[in-house]
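The values are calculated or read from the model by the stated rules, or taken from the named source; none is laboratory data. Everything numeric here is computed off the predicted structure, so don't read it as measured data. Cβ placement follows ideal geometry from the backbone for every residue including glycine, while neighbour counts extend to all protein chains displayed.
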Amino acid sequence: MRMNILEKLSTIDIIVIIVYYFGMVLVGVRAGKRVKKSSDFTNAGQSLGWKTVAGSTIATCMGANMVMGKYDLIFESGLSGLTVSLFWWAGWIFLLIMAKRLRMSRATSIPSYLEEKYNGTTRKFCSICVMVAMISSCAAQFLTIGTILETFEICDRRTGTWIGAAVIVVFTIISGLWGVAMTDTIQSVLLVIAFGIIFPIVVFRVAGGWSAVIEFNDPERLDMFRGIAPVTIIGWAVYYTLSTGADPTYAQRIFSAKSTKDAVVGQGVAWLVTLLICGFISAVPGLAIGKIFPEITMGSQFTPMFIVEYLPAVVRGLMLAALLGLMLTSGDSYLLLLSSTIMDDVIIPVKSNIEEKKKILFTRLICVGTAIIITAMALYVNSIYQLFKTGGGAYGAGVFIPVFLGCFWKKARVKAINIGMIAGFLISFCFDMFLKIPLGLNLDGCIIGAAVCLLICVGGSLMRDGIPA
């Protein structure tokens, strides 16, 4: 189901969108002038206050998965789709618990933290896990932009995905984390108002009220524990808990804060705000998708279609700008973390004498090069929430347990951790990419991968004649 956006938008809407994006680009460019060395580009010189930590984290969290990808799941499965998403915040609690220990270390990223706790090999393995997770997450953002542009009949999904990639790459290489954090913070305010207040109210008004939506849905779709197979629920629970519990983008904000207090407070505020907005308020409108658009086939198309069809001029322009900006703020965070991981955790440990200007240049070139791989993956998988799940699940299956043990367990053996990490990651990723997606299986690779990782990490460490450290 498509619509021609140019026929729906008024001149004032187009002006609002142009002004909005001009303002975002201006903020990014001005912030980019503060980039004098590679650490400014990748972690803002570790000088973010708690408000910026919270704002940038909120904007990153409210990405394609929260206001579009999640609607695919709710459209297919009803309220049980909302239930499984709550494990995202359950997993985030683990990161909040570990935030103080992470920030008080000398590390600047999850891979460097694991090197401090274990060894350089651990860092390399973790870097691979982070890169795959960021590639798949960024691919979801690219694909979302393609979906929006196709829905509006501006271009086909493939072309739109390439356009999304180009826009995100250009913004990222101009601004670095300074620009990302500043624009994310501005975006977070608008996103909370747009999708936490305006969108849900208008959706239920158009649908005829809450009672009309309830009457439209079958009782099974209103059951928060039915509609999704138990094995699928377990898969989502494991995926969300492990991937968010050591989320590298949220951790990047922790490491980029100017103090431990700013890191912990900022993450705590982001957790609470996004739980209320993304976890409940902006998710429930998914129940009205079929009632408002009976011919719709993809839940992820609902948000842009509804904005264009039912919101008044100016508000429509602002909401569309916020929606597309949401893809930008999440995508640039993932792309920046991917490029900084390659530079800081892969290249620099091998060749540490690179000049600062060359570090910044190489990091920007990495942004461009990896975008091609990311776009190819987006078009291959062709599912927003499956992209998040494949990369994020593999990352969580391999990294969460080593990070958690590094924070709280002194008996962990280095080789057991390294073997467990790479085994959990590879099993999860390969299962999803080469079995689950092609064959349409319900079982998620992260369940198997996480179990193997836990067994090797803990079992290998506890063996009396175990793997030598």
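The set of residues from the stretch 219-236 being over 27 Å from the mean Cα position of the chain (by Cα) and free of Cβ contacts under 8 Å to residues at least 40 places away in the same chain comprises just one member, PRO219. Return yes or no: is LYS359 among the basic types (Lys, Arg), in contact with a Phe, Trp or Tyr (Cβ under 9 Å, 6 or more places away or on another chain) and modelled with pLDDT under 95? Against the criterion (among the basic types (Lys, Arg), in contact with a Phe, Trp or Tyr (Cβ under 9 Å, 6 or more places away or on another chain) and modelled with pLDDT under 95), LYS359 qualifies.
Restricting the first residue to the stretch 324-351 and requiring it to be modelled with pLDDT of 80 or more and among the β-branched types (Val, Ile, Thr), which pairs with a second residue that is crowded, with 21+ Cβ neighbours inside 10 Å and not in a helix (DSSP H, G or I) meet a Cβ separation below 8 Å and a spacing of at least six or different chains? Cβ pairs passing all conditions: THR341/SER109. For the stretch 442-456, the criterion of a residue being over 15 Å from ILE234 (Cβ atoms) and either in contact (Cβ under 8 Å) with a residue 60 or more places away in the chain or not in a helix (DSSP H, G or I) (or both) is satisfied by no position. Can you find a residue in the stretch 98-109 that is of a type outside the set (Asp, Glu), farther than 30 Å from VAL213 by Cα and in contact with a strand residue (DSSP E or B) (Cβ under 7 Å, 6 or more places away or on another chain)? Checking the stretch 98-109: at least one residue is of a type outside the set (Asp, Glu), farther than 30 Å from VAL213 by Cα and in contact with a strand residue (DSSP E or B) (Cβ under 7 Å, 6 or more places away or on another chain). Restricting the stretch 96-136 to residues that are among the hydroxyl-bearing types (Ser, Thr, Tyr) and outside any loop (DSSP other than H, G, I, E, B), which is surrounded by the fewest Cβ atoms within 10 Å (Cβ to Cβ)? Only one residue tops the list, namely THR121. A single member of LEU379, LEU338 is surrounded by 24 or more Cβ atoms within 10 Å (Cβ to Cβ) and among the hydrophobic types (A, V, I, L, M, F, W, C), and it is LEU338. For the stretch 349-401, the set of residues classified as closer than 30 Å to GLY445 by Cβ and either touching a Pro at 6+ places or on another chain (Cβ under 7 Å) or polar (S, T, N, Q) (or both) consists of THR370, THR375, ASN382, SER383, GLN386, THR390, listed by residue number. The single residue among VAL238, VAL231 that is surrounded by fewer than 23 Cβ atoms within 10 Å (Cβ to Cβ), on the phi < 0 side of the Ramachandran plot and part of a helix (DSSP H, G or I) turns out to be VAL231. Of all residues in the stretch 347-371, those being under 22 Å from GLY120 (Cα atoms) and not in a helix (DSSP H, G or I) number 7.
For the stretch 49-95, filtered to residues that are in contact with a Cys (Cβ under 7 Å, 6 or more places away or on another chain) and part of a helix (DSSP H, G or I), the residue that is modelled with the lowest pLDDT is MET66.
For (1) over 19 Å from the mean Cα position of the chain (by Cα); (2) buried (at least 24 other Cβ atoms within 10 Å of the Cβ); (3) within 23 Å of LEU149 (Cβ to Cβ); (4) not acidic (Asp, Glu), each residue gets a yes or a no:
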{"position": "VAL284", "(1), (2), (3), (4)": "yes, no, no, yes"}
{"position": "GLU295", "(1), (2), (3), (4)": "yes, no, yes, no"}
{"position": "PHE306", "(1), (2), (3), (4)": "yes, no, yes, yes"}
{"position": "LEU311", "(1), (2), (3), (4)": "yes, no, yes, yes"}
{"position": "LEU323", "(1), (2), (3), (4)": "no, no, yes, yes"}
{"position": "LYS351", "(1), (2), (3), (4)": "yes, no, no, yes"}
{"position": "LYS358", "(1), (2), (3), (4)": "yes, no, no, yes"}
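Inside the stretch 24-43, can you point out the residues that are assigned to a helix (DSSP H, G or I), out of contact with any Gly (no Cβ under 8 Å at 6 or more places or on another chain) and at pLDDT below 70? Residues satisfying the conditions are SER38, ASN43. On inspection, SER188 does not qualify as of a type in the set (S, T, N, Q) and either without any contact (Cβ under 8 Å) to a residue 40 or more places away in the chain or surrounded by fewer than 16 Cβ atoms within 10 Å (Cβ to Cβ) (or both).
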